[in-house]
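In what follows, a single structure is set out as structure tokens and then discussed.
The values are calculated or read from the model by the stated rules, or taken from the named source; none is laboratory data. Keep in mind that this is a model prediction, so the values were computed, not measured. With ideal geometry, Cβ positions are generated from the backbone for all residues, glycine too; neighbour counts draw on all protein chains shown. Side chains are part of the model used for accessible areas, which takes the heavy atoms of the whole protein and leaves out ligands, DNA and RNA. Shrake-Rupley method; radii C 1.70, N 1.55, O 1.52, S 1.80 Å.
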Amino acid sequence: MNKKKLICQLLVITGISAFFISFNLLVFTLFTKPCLPAGELSPSEPKTISVEKYLPFDENSEIVRIDSDLEITENIPVLDGSEALYPIYSAVAYSIYPENSVSFSDGEFSPESSVQMKNTIRGFTAVVDGDTDIFLTAHPSENQMAYAEEKGVELELVPIGKEAFVFIVNKENPVSDLSVDEIRKIYSGEITNWATVGGEFLPINPTKRLENSGSQSTMKAFMKETEMKSNPLGFLGRSIGFSFRFYVEDVAENGGIKILSVNGIYPDKENISNGNYPVVADFYAVYRKDKDTENVKKVIDFLLSDEGKKIIEETGYVPY
């Protein structure tokens with residue numbers, strides 16, 4: 001009798017599980033999938049930059065190539081940075097470093113290479129720990145600055161350029177413009193449906209990025225003291241995401257997503273440069289103050305020179 005009872009209970013549990021799995025698949029098929037472009041489930045994950053595409057000394061590299069009179073041949077500062085800024089510091093290495101200072105094989109830079117690409121989270125830790133000399137990044141997060149303070153490390157943050165912080169949706173979303181206030185209300189959970197901002201009657205799914213990534217840190221700064229919240233019904237509707245313009249511009253041009261105007265201003269280079277676009281973030285060359293060596297200063301001065309500004313501008317950013 002107990003055995004039969006156990007079998008019945010297992011059958012009931014299995015039946016309930018199968019029902020919920022089928023229900024979730026049905027909801028996705030009927031409601032969520034039709035709201036998304038083919039092959040594009042979410043706008044929250046922009047392109048990943050190929051390391052090989054922007055190698056400093058590869059003949060097929062797509063970096064900006066500037067031959068400079070400045071040459072640093074010894075005590076070469078190690079360069080690293082966020083993924084989005086890798087094409088800039090790779091171009092800097094091409095301009096002022098010897099080719100034999102950069103070592104790349106099997107898809108990654110070797111430990112002794114003067115160019116690295118650990119990305120924001122690991123790379124920032126490396127500059128605090130002294131493994132990297134100069135790190136290019138958006139403004140570090142509170143947690144990252146706290147880590148430096150815990151280690152007793154003073155950092156110098158030198159602004160070298162500007163970039164638009166953009167908001168993206170699936171290309172089929174009829175909404176093309178949001179105000180700063182509307183975006184903050186979406187991410188605080190106050191606005192939860194696209195119909196509230198002129199779109200379809202569908203829930204809004206406000207997506208986030210990895211904690212301490214450049215994008216997530218910039219978004220938190222944009223939100224000021226307001227906490228970011230998820231929409232529990234967001235999976236039934238359309239997503240909104242955020243990133244830096246450099247990451248998503250090609251994707252927007254070639255389909256899949258679109259970049260929103262904010263306060264009626266589209267984030268092109270002219271509107272970034274003249275200050276009309278309302279959400280612009282500075283990016284920095286960061287180094288330890290106790291590593292303020294002659295060659296570190298030379299690299300920083302190069303980034304701020306006409307040659308450095310040309311690299312920044314032709315890469316796709318706005319120089320400081």
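Quick look at the values:
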{"item": "Test: residue in the stretch 182-201 that is under 21 Å from the mean Cα position of the chain (by Cα), modelled with pLDDT under 95 and basic (Lys, Arg)", "result": "no"}
{"item": "Qualifying positions in the stretch 97-139 - assigned to a strand (DSSP E or B) and of a type in the set (D, E, K, R)", "result": "GLU108"}
{"item": "Residue among GLU156, GLU211, GLU142 that is closer than 29 Å to ALA285 by Cβ, open to solvent by 60 Å² or more (accessible area, probe 1.4 Å) and in contact with a strand residue (DSSP E or B) (Cβ under 6 Å, 6 or more places away or on another chain)", "result": "GLU156"}
{"item": "Given (1) in a helix (DSSP H, G or I); (2) more than 25 Å from ASP80 (Cα to Cα); (3) under 15 Å from the mean Cα position of the chain (by Cα), index of the condition ILE240 fails", "result": "(1)"}
{"item": "Residue in the stretch 247-254 that is among the acidic types (Asp, Glu) and either crowded, with 18+ Cβ neighbours inside 10 Å or at pLDDT 95 or above (or both) present", "result": "yes"}
{"item": "Only listed residue being open to solvent by 20 Å² or more (accessible area, probe 1.4 Å) and either within 30 Å of GLU314 (Cα to Cα) or in contact with a Leu (Cβ under 9 Å, 6 or more places away or on another chain) (or both), chosen from ASP131, ASP181", "result": "ASP131"}
{"item": "Residues being at pLDDT below 95 and either open to solvent by less than 40 Å² (accessible area, probe 1.4 Å) or of a type in the set (A, V, I, L, M, F, W, C) (or both) - total across the stretch 284-310", "result": "0"}
{"item": "Subset of the stretch 159-178 (residues that are surrounded by fewer than 17 Cβ atoms within 10 Å (Cβ to Cβ) and not polar (S, T, N, Q))", "result": "PRO159, LYS171, GLU172, PRO174, ASP177"}
{"item": "Neighbours by Cβ (under 7 Å, 6+ apart or cross-chain): first from the stretch 142-169, charged (D, E, K, R); second part of a strand (DSSP E or B) and surrounded by fewer than 17 Cβ atoms within 10 Å (Cβ to Cβ)", "result": "LYS162/ASP282"}
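So that you can scan it fast, the table gives a plain yes or no per residue for (1) of a type in the set (A, V, I, L, M, F, W, C); (2) modelled with pLDDT of 95 or more:
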residue: VAL92; (1), (2): yes, yes
residue: ILE96; (1), (2): yes, yes
residue: GLU142; (1), (2): no, no
residue: GLU154; (1), (2): no, yes
residue: PHE167; (1), (2): yes, yes
residue: PRO174; (1), (2): no, yes
